[in-house]
1. Testing A:Gly128 on (1) within 13 Å of another protein chain (Cβ to nearest Cβ); (2) on the phi > 0 side of the Ramachandran plot, one condition comes back false. Which one is that?
2. Out of B:Ala82, B:Ala69, B:Ala106, I need the residue that is in contact with a helix residue (DSSP H, G or I) (Cβ under 6 Å, 6 or more places away or on another chain), hydrophobic (A, V, I, L, M, F, W, C), surrounded by 14 or more Cβ atoms within 10 Å (Cβ to Cβ) and modelled with pLDDT under 95. Which one?
3. Every residue in segment A:86-117 that is open to solvent by less than 10 Å² (accessible area, probe 1.4 Å), outside any loop (DSSP other than H, G, I, E, B) and touching a strand residue (DSSP E or B) at 6+ places or on another chain (Cβ under 7 Å), please.
4. Please specify each residue of segment A:5-30 satisfying the condition of being within 20 Å of the chain's Cα centre (by Cα), open to solvent by less than 20 Å² (accessible area, probe 1.4 Å) and either among the charged types (D, E, K, R) or under 15 Å from A:Gly174 (Cα atoms) (or both).
5. Being open to solvent by less than 50 Å² (accessible area, probe 1.4 Å) and basic (Lys, Arg) is the filter here, so list the residues in segment A:197-231 that pass it.
6. Could you give every pair whose Cβ atoms fall below 6 Å, whose first residue belongs to segment A:218-244 and is within 11 Å of chain B (Cβ to nearest Cβ), and whose second residue is of a type in the set (Gly, Ala, Ser), counting only separations of at least 6 or pairs across chains?
7. Pull out all pairs, ordered by first then second residue, where Cβ-Cβ is under 6 Å, the residues are six or more apart or on different chains, the first lies in segment A:161-178 and is facing chain B (nearest Cβ under 8 Å), and the second is open to solvent by less than 10 Å² (accessible area, probe 1.4 Å) and in a helix (DSSP H, G or I).
8. Might you let me know whether segment B:141-157 holds any residue that is open to solvent by 10 Å² or more (accessible area, probe 1.4 Å) and either among the basic types (Lys, Arg) or modelled with pLDDT under 95 (or both)?
Amino acid sequence: MSETVLMKGNEAIAEAAILAGCRHYFGYPITPQTEVAAYMAKKMPKIGGTFLQAESEIAAINMVYGVAATGHPAMTSSSSPGISLKAEGISYLAGADLPALIVNVQRGGPGLGGIQPSQSDYDFVTRGPGHGDFHVLVFAPSSVQEMADLTGRAFHLAWKYRMPAMLLADGTMGQMMEPVNLPEPCNAFGDDNPWAATGTEMKRPHNIINSLDLSPENLEKMNFARFERYAKIEETECLWEEYLMDDAEICIVATGITARVSRNAIVEARKQGLKVGMIRPITLWPFPKKVLAQAADQVKAFLCVEMNMGQMKQDVELAIRCKKPVALCNRVGGMIPTPDEVLDSIRKIAEGGMEA
Amino acid sequence: MNYKRLTLFAGHYGSGKTNIALNYALWLRGQGLRVTVADLDIVNPYFRTKDGEAQLKAAGIRLISSDYANSNVDLPALPGDAYSLVDDRSVHGVIDVGGDDRGALALGRYVPKIREEGDYEMLFVLNKARPLTRNIDDALEVFCEIEAACALPFTAIVGNTNLGPLTKPEDVVAGAAFAEEFGERVGLPVKMICASQKLSNELQNTVRNFFPINIMQLYYMEKEGTSLGKINL
C-alpha cells in the first residue's frame, strides 16, 4: 500500500486518473471542480501527458472523443452546467462505443444555479446524459478515498465495456479534504485495442469510429447489442454499501455527502432505540435494485435523503415495486441537510406520521 | 511566543491556513489584544474563515470578509474594509491569505503599507502530507511562487503536517523535522508546529514551539469513531 496523503476530493480524482494511466485531460474551469484541472495543469507536463484548457466544455468533450478513438485513455471534468454542454459529445461517445471518463462535481441548478453543492443531476446522468438510447456508468463516491478508488474503477469498466463512465460527486465531495491511500500505478487499459483507429499499415481493414449508420436495420442491431451489454452490466457491476441493515426497520437511501449526514443521524437514532440502517448506492447506473427489493421484505419504510427534489426516490420506488412507502428528506439550492433534519424524518416515520 | 501587529498566513492551498489563522486570532485575543481577522481568500469556494464567524464574534474578534464568501456566486472579490487592517494600527490583525500564488496575488495591493509599517510576520504554512509539498524542492517551488506573486518575503515557517483525523503524534514529529529542514534551506526560523489539541498530551513536551489548535467541525462530516458498513466489492 502506498503512503497516506491529505487531499481534496478533486485532487484525488486527478491523481488517481494519472495513476490509472490517463495521460490526456481536456477541460474548462468551473467551480466547484476547478482543482481537477489545476492539478492536471501542474502534473501532466511533468510526466509527458497532455493538459489542455479548451475554449469551451463542448470542445473539451470532443477532444476526449478524438483521443478515445485512438484507443488512449482520456478524461474531462466539469460541474453541472458544463455537463449539460457536454451532453451532445457524451451521446456521440456512446454511439461510437468509445470509453472515456467524465467527472461531474455537481452544483446547484437549474440554469446557472449556484456554486454550492447539489445532487440534482441524478436524473439527467442516470438516464443517459444526451439524446438517444444509451447509458453511462455512474459512480457516486462518498469519501475522498472513494473518489480515488472509483476513478480507477470507472476507467477500467469504461474500457471493459467500451462506454463512457461518469464520476458523479457533489461539490462537498470535491472540496473536502481527507486522508487517502492512493492506488498503485497501473494500466487500466491494455495496449491492444483492436477497435482503435491507429493506422492500418495496409494490414487490416479500416476501423471506423462513427455514430452514424446509413442502414436503419444496422442501427437497430447496434442498439439491441448495446442494451444486451447494458443488461450484463446491470447484472454484475452494481456496487452498494449496507450500513446497520441487519435488524433495520427503516432503511435510509442516500449517496455522497448526504450518506455521511445520514450516518450521523442513524448513530443518534440508534441511541434513541430506533432501528435504522442505510443502503448507499455507489453505482447509480446500474442502480442496485436487487438489494433494495430484498430490503423491502424486511423494513417498514424507506427514507431517501437527497440534495434534489426527490429524483432518486423514484428509482427506489421502482426498485421495490412500491412495496413499502418511501419518504423524502431533502434540501436544495446548495443547502446540505443536517443530521437533525434527517433524525426528525426518521422519528416521523417511526411514529407513522410521515407522508410517503 | 512573540507576535507582531500583523500576522499573515500563506502557503499551498489545503495546508491549513484558515484553521490556524482562526486559532491564532483567538490566542492573540487571549493576550488581551484587540484583534481583527481578514479573509483575503479569493480562491476557495467552500470551507472559509466565514465558517468560524460565530466563534470569533463570541470571543470579541472582528471578521472582515467578502460579502460573497459562502454565497452562491464565485466572485473573487476582496472586502473593501480590509484596508482598515493596514491603516488602523491600534488593532492586531490576522490575515488569511488564499492558497498558492494565485491566492497570494490579492495580497499585493496591501504590501506597500505593510512593509512601510514593518511590524508584521509573514508565515509559510507547510503540511508534508499534501501531495504537492511532500519534499523540500516541491515546497520551495510553492514558497517562491507565493513570494513572487505578493512581493512580501516570508519571515518564518509554520509546520502543520497532518492527515486530518488520522494524524498520529509521530506524523507531527516528522512534520516538525521537515519544517526545520525547510527553514534551514530558506534561512528562516520555525515559529510554531501546529496539531490538533487532542494530541497535546503526547506532543507538548516533545515538539518545540508546539501550538495546539482546535479544528473546526462541520456537521456533515461523520463524528469520530463512525465506521463504514459492508461494501459488496
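1. Failed condition: (1).
2. Details: B:Ala82 fails: in contact with a helix residue (DSSP H, G or I) (Cβ under 6 Å, 6 or more places away or on another chain); B:Ala106 fails: in contact with a helix residue (DSSP H, G or I) (Cβ under 6 Å, 6 or more places away or on another chain).
Checking each option against the conditions leaves just B:Ala69.
3. Once the filter is applied, which keeps residues that are open to solvent by less than 10 Å² (accessible area, probe 1.4 Å), outside any loop (DSSP other than H, G, I, E, B) and touching a strand residue (DSSP E or B) at 6+ places or on another chain (Cβ under 7 Å), segment A:86-117 yields A:Lys86, A:Ile90, A:Leu93, A:Ala94, A:Ala100, A:Leu101, A:Ile102, A:Val103, A:Asn104, A:Val105, A:Gln106, A:Pro117.
4. Scanning segment A:5-30 gives A:Met7, A:Lys8, A:Gly9, A:Asn10, A:Glu11, A:Ala12, A:Ile13, A:Ala14, A:Glu15, A:Ala16, A:Ala17.
5. If the condition is that a residue be open to solvent by less than 50 Å² (accessible area, probe 1.4 Å) and basic (Lys, Arg), then A:Arg226 is the only one that fits.
6. From segment A:218-244, the pairs are A:Glu241/B:Gly229; A:Glu242/B:Gly229; A:Tyr243/A:Gly277; A:Tyr243/B:Gly229; A:Leu244/A:Gly277.
7. That search, which allows pairs on different chains as well, returns A:Thr172/A:Ile257; A:Met176/A:Gly9; A:Glu178/A:Val144.
8. no
The values are calculated or read from the model by the stated rules, or taken from the named source; none is laboratory data. Note that this is a predicted model, so its numbers are computed, not measured. Methodologically, a virtual Cβ is constructed for each residue, glycine included, from the backbone with ideal geometry; neighbour enumeration extends over all protein chains shown. Note: areas computed on protein heavy atoms with side chains; ligands, DNA, RNA excluded. Shrake-Rupley method; radii C 1.70, N 1.55, O 1.52, S 1.80 Å.
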